[in-house]
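Read the structure below first, then the notes.
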Amino acid sequence: MVLEQIEYYLQQSCGTDFLDQVSYCRNYVFYSPSKSAMEHGLHERDRVGLQDFILLEDYKSEHAFIDNLRKRFQENIIYVSESGSGKTEASKKVLQYIAACSGHQRTVEGVKDKLLKSNPVLEAFGNAKTNRNDNSSRFGKYMDIQFDFNGTPIGGNILNYLLEKSRVVNQNVGERNFHIFYQLLAGASDEQLKELMLQRVLSKYVYLSDGDKGRVKTIDDANNFRIVQQAMSVIDFSAEEQNDILNIIGSILHLGNVQFVEEDGMAKIVATDAIGAAAKLTAVHLEDLKAALTNRTIDARGDVVTSPLSRELAIYARDALAKAIYDRLFSWLVMRLNVSLQAKDPHKARNTVMGILDIYGFEIFKTNRFEQFCINFCNEKLQQLFIELTLKSEQEEYRREGIEWIPVEYFDNKVICNLIEEKHKGIISILDEECLRPGDPTDITFLAKLTDQLANHAHYLCHQKAPIQIQKTMGRDEFRLVHYAGDVTYNVTGFLDKNNDLLFRDLKECMSKSNNQVTRVCFPESEYLSKKRPETAVSQFKTSLNNLMDILMCKEPSYIRCIKPNDLQTPGVFDDKLISHQVKYLGLMENLRVRRAGFAYRRTYEMFLHRYKCLSKQTWPNFRGPAKEGVRILINELDYNSEDYRFGETKLFIRFPKTLFKTEDAFQEKKHEIAAILQSRWKGREQRKKYLKLREQIIILQSYCRRYLAQQKAKKKRDASNKIRAFIKGFITRHEPLNGYNENFIANAKRMWLLRLAKSLPTDVLDMSWPSAPSHCQKASIYLHRLHRLHLARKFRLKLSATKKRQFELKILAEKIFKGKKSNYFASVPFWFKNDRIPSEHQVHINNFITTSLRNESLKYASTCIKYDRHGYKSRDRFILLTNNAIYMLDGKTYKQKHRLPLEKIDFLLTNHSDDLMVIRIPLELKKDKGDLILVIPYVIEFCSFIVDTVGTANILNIVGRDSLEHNVVKGKSGVIDIQTGDEPGIIRDKSGHLVVIAGQ
């Protein structure tokens, strides 16, 4: 029943409108849906397909199966998600459903929040962008949710499986590392990054192999980082723990940047900044970490020997440490989440547990390695469990109902599971044996041993024993397994290294001495002191997987099968080949065949009779006897064949879907006849009730209407006399202040004045006239006059062309900058500003420079100017260009670039006199010992307005009120410019060596 409610919740929360907005993925559920939903959909089966695939007539045909999927796909009768096929999203929807239906008790809210907030944390540290999915789960997860006797969640526990830790140090082209690395660099504050000694540039970190391409449009890393931080707080992570976690993530990024060189066969560290940052963030001694990365200590029967590592081994040690730190951090996070999710009263949670398994699906890539081998082994075990539990469930129901069980033949993938996990003979045993044997084992020797022992197995194939056609598609370092889902070729490269997962003792010891509390817990001192060889990765996975099987075997399972319609990340595309492949590797046809070995449809007698009782006069409208007898009567009248059905203890079993469809079609046809009878009787009864009620209401209404009309007539006469009396008194006191007599009269006078005013309003913005107003309307008249002036001004502005509007904007900007600050400002007011003051004879040369040199910049202003040398103040003709980024100074004769001054580096100095002088102050890094620029700009007000408009701030402009200015000549020296007034403006050099600017009067 819970699963049926979840199905409804998923449909409601993921409607068809959500599809085009959110995702390209659709998920199809393969289990018996809610009874009412299935019955309701029977008569629409041709248009929308069957909701329960067990009712497919041709259940052995894969084509019919996929065609049914296509119908449901085209009608959007599906679930949707923001990921691959939807497993993780479906599990999150289940959690959201549980939270939504559990009420709002204060004791429950905290548990609900923690359950929901665990997902963002696990996704940040355990999910990554792959070439198939922007949010791919790179680990398996099983979550137990504990309930009290009221069905309210009170706690939970999480188990994690096989984190793909190799992704920490290396990713395929187009893929990313785990989300948390990108979230940290995008979302952390500048202060946090400074403390972590990190920068926001992805390309600076070796472990983020895609560099700046790691930024994905569909992923908001900065916002997701804030969500993760909020989630950690909700789950009771302390500030110190959160800080330790971020330090660990930052240390991994720095660790990836540690580089080695080899001298005399010994590795030496060359990136000292990176190793220093890694040591600081992991809170270990720098020298200890350096020694652990370049040396290895071996304890051989009491003899401790330290030997230097080669560069290759040092790189291996560095990457192994990074993977181990991240893997153990992830396990610590799960452990820490479990502590927070622990039920306060465990006794309440006994035997009231719901488990949610979200684990990787079957993977077949172009190149399949150790991780795919483990993942596909897991799926083999789950498929085996699914078949066993399906058969067990079917057999149990047949036994309860007293129906004879016919043994079902099916593909038992136990042979494949044994091939992988059988003791002493399976692939896992051979891999462990090769990892542990003395000598120099390699991936190739492991493959040779596999071939030697398994060459004759029907589900194993290697290059050596394969037919010639298959040899062409297989490498000599590959083997192939015939899985239930299809053939998968595995490349053995890295199998031994990943299975050994060797972390040198020196590194464990170094990490165990860390002052970072999380790191110290992840690397306990007892581990490096222990001389026992750690269990291999695949053996650990096998053990945890078998434990999971034990957990699942004692559950009552429900399955959500997720199918991905295309690999294009595009909505509305149904890829038949891809879907056929998924139907095969999900084992859906096999599962369907098992369910259809007996009876396709089963319902309790009460439900069947309630739905179809109208098909017999003996059972309609109510059957007084036992439901089973009523069903027997229906079946006799519907003329079922004896082989089409069986009577169980509490249920009717129907063998073929066509029998059910025939019954349903008869029911749909009968509904119209019954509905017509019911409608006619009901309509007659309703109309009679309406008539009687309406007659009674009309009589009452008439009496009230007569009374109301009489009252209104008397009131009208009384109001008329009052109005006449009030008008007379108001007229007499119309010039007095407001009182009880003249209020209405004055209000009417105001209204009449407003009506007259509306007909005589000025229509031109230059018309300053305004009609006179009564004494009581003076304030309103002044206010309305101002509003009307503003209205006319707005109309005038709206009629302005874009060119004139631009001119006014520049003029207003010039007024704000120069009015009252520079004497020659008013001389610029009557003239429109121009952005091009270059004479026509120079235009061609200037345009050539713009075309060739300003490719990525836009020109804002161009003009001639005179430049005065800093030594001797000799004048020279120049052209000055303003772009969105810089000031360009061109030679007046050769048109060659003399200066390029970035706008963010310079500022401008003007006097408050009537002159055209401008001093451009240049910072030391741009001067190159040349000092400031002294210019005379013909239209200096105009030029400065364009500068401020381009930069967006007037702070770049400084108007000086002194009569002398200093300017930098060369480094450490300065010159003086004196400002004087006279009848004839000009610029000269006086005897003192100063430059004298004669401004206008």
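The values are calculated or read from the model by the stated rules, or taken from the named source; none is laboratory data. Since the structure is predicted, the reported quantities are computational estimates derived from the model, not experimental observations. All Cβ positions, glycine included, derive from the backbone under ideal geometry; neighbour counts span all protein chains shown. We work out accessible area using only protein heavy atoms, side chains counted, and drop any ligands, DNA or RNA first. Shrake-Rupley method; radii C 1.70, N 1.55, O 1.52, S 1.80 Å.
Rg/Rh for segment 588-701 (Cα atoms only, Rh after Kirkwood) is 1.24.
With R₀ fixed at 45 Å, the C-beta to C-beta distance from residue 573 to residue 884 puts the FRET efficiency at about 0.55. Here r is the Cβ-Cβ distance between residue 720 and residue 759 and R0 is 41 Å; the resulting FRET efficiency, rounded to 0.05, is 0.85. Modelled spin labels at residue 671 and residue 425, positioned 7 Å past Cα toward Cβ, are 5.8 nm from each other. From the Kirkwood radius over Cα pairs of segment 257-384, Stokes-Einstein at 4 °C and 1.567 mPa s returns a whole-number translational diffusion coefficient of 68 µm²/s.
Across segment 396-404, coupling constants 3J(HN,Hα) worked out from phi with the 6.51/-1.76/1.60 Karplus curve, θ = phi - 60°, read 5, 5, 4, 5, 4, 8, x, 9, 5 Hz, and Gly and Pro carry x.
Obtain the radius of gyration and the Kirkwood radius of segment 622-686 from its C-alpha atoms and give Rg over Rh.
Ratio of gyration radius to Kirkwood radius: 1.10.
Expressed to the nearest 5 percent, the antiparallel share of DSSP beta bridges inside segment 378-493 is 100 percent. Taking 0.36 nm per residue of separation and subtracting the Cα-Cα distance, full extension of the segment from residue 678 to residue 700 would add 4.6 nm. Heavy atoms of the protein chains alone define the surface here; on that basis segment 378-493 has 51 Å² accessible area per residue at 1.4 Å probe size.
Scalar couplings 3J(HN,Hα) for segment 638-647, obtained by applying the Karplus form with A = 6.51, B = -1.76, C = 1.60 to θ = phi - 60°, are 7, 6, 5, 6, 5, 8, 7, 8, 9, 8 Hz; x denotes Gly and Pro. Summarise the accessible area of segment 378-493 (1.4 Å probe, protein heavy atoms) by the percent that is carbon and sulfur. Here carbon and sulfur together make up 50 percent of the probe-accessible area.
The distance from the alpha carbon centre of segment 904-918 to that of segment 805-843 is 15 Å, rounded to a whole number.
Around the Cα centre of the chain, unit charges on the Cβ atoms of Lys, Arg, Asp and Glu (plus for the first two, minus for the last two) sum to a dipole of about 6680 debye. Against the empirical 2.2 N^0.38 Å (N residues), the chain has a Cα radius of gyration ratio of 1.42. The slack between residue 200 and residue 547, meaning 0.36 nm per residue of separation minus the straight C-alpha distance, is 120.7 nm. Measuring between alpha carbons in the structure, the pairs from 381/564; 117/392; 204/930; 867/927 lying more than 25 angstrom apart are 117/392; 204/930. For the pair segment 422-441 / segment 745-774, the C-alpha centres are spaced 103 Å from each other.
Computed from the C-beta positions of residue 811 and residue 734, the FRET efficiency with R₀ = 45 Å rounds to 0.35. Between residue 71 and residue 580, the contour length at 0.36 nm per residue exceeds the alpha carbon distance by 181.7 nm. Split the accessible area of segment 601-695 by element, probe 1.4 Å, and carbon with sulfur accounts for 52%.
Give me the net charge for the shell around residue 281: Cβ to Cβ below 10 angstrom, other residues only, Lys and Arg +1, Asp and Glu -1.
Details: positive: 280; negative: 195, 244.
Result for the local shell: -1.
How do 642-650, 132-140 rank on mean C-beta neighbours within 10 Å, highest first?
Values: 642-650: 14.7, 132-140: 20.1.
Highest mean packing first, the order is 132-140, 642-650.
Residues in segment 468-476 carry Karplus couplings, in order, of 4, 4, 6, 4, 5, 9, 10, x, 6 Hz; the curve used is 6.51 cos²θ - 1.76 cosθ + 1.60 with θ = phi - 60°, and Gly or Pro positions show x. These residues, 604, 883, go from largest to smallest accessible area, 1.4 Å probe, as 604, 883. Size descriptors for segment 430-531: radius of gyration and Dmax over Cα atoms are 19.3, 60 Å.
Spread over its residues, the convex hull of the C-alpha atoms of segment 790-873 is 195 Å³ per residue.
Ligands, DNA and RNA left out, the accessible area of segment 819-1000 computed with a 1.4 Å probe is 47% carbon and sulfur.
A simple packing score, the average count of other Cβ atoms within 10 Å per residue, orders the peptides 277-286, 839-848 as 277-286, 839-848, with the highest score first. Projecting the Cα positions of 272, 245, 470 onto the charge dipole of the chain (unit charges on Cβ atoms of Lys, Arg, Asp and Glu, taken about the Cα centre) puts 245 furthest along the positive direction.
Residues whose amide H comes within less than 5 Å of that of residue 981, counting only those at least five positions distant or on another chain, are 999 (H built at 1.01 Å from N in the peptide plane). When Rg and Dmax are taken over the Cα atoms of segment 375-462, they come to 18.5, 63 Å. Comparing Cα centroids, segment 261-300 and segment 358-420 end up 48 angstrom apart.
Need one number: nm distance between label points at residue 803 and residue 970, each 7 Å from Cα along Cα→Cβ, rounded to one decimal. Once both label points are built, they end up 5.0 nm from each other. Computed with the Debye formula from one identical point scatterer per Cα of segment 819-1000, without solvent, the log10 of I(q)/I(0) at q = 0.09, 0.11 Å⁻¹ comes to -0.31, -0.46.
Near residue 887, the amide H atoms lying under 5 Å from its own belong to 901, 903; only residues 5 or more places off or on other chains count, and H is placed 1.01 Å from N.
Between residue 989 and residue 233, the modelled label-to-label distance comes to 6.7 nm, taking each label 7 Å out from Cα in the direction of the beta carbon. Each peptide in 949-959, 917-927, 860-870 gets a packing score, the mean of other Cβ atoms within 10 Å over its residues, and the list from highest to lowest is 860-870, 917-927, 949-959.
Less than 5 angstrom separates the built amide H of residue 260 from those of 270, all sequence-distant by 5 or more or on a different chain. Count Lys and Arg as plus one, Asp and Glu as minus one, and take only other residues whose Cβ is under 11 Å from that of residue 402; the net charge is then 0.
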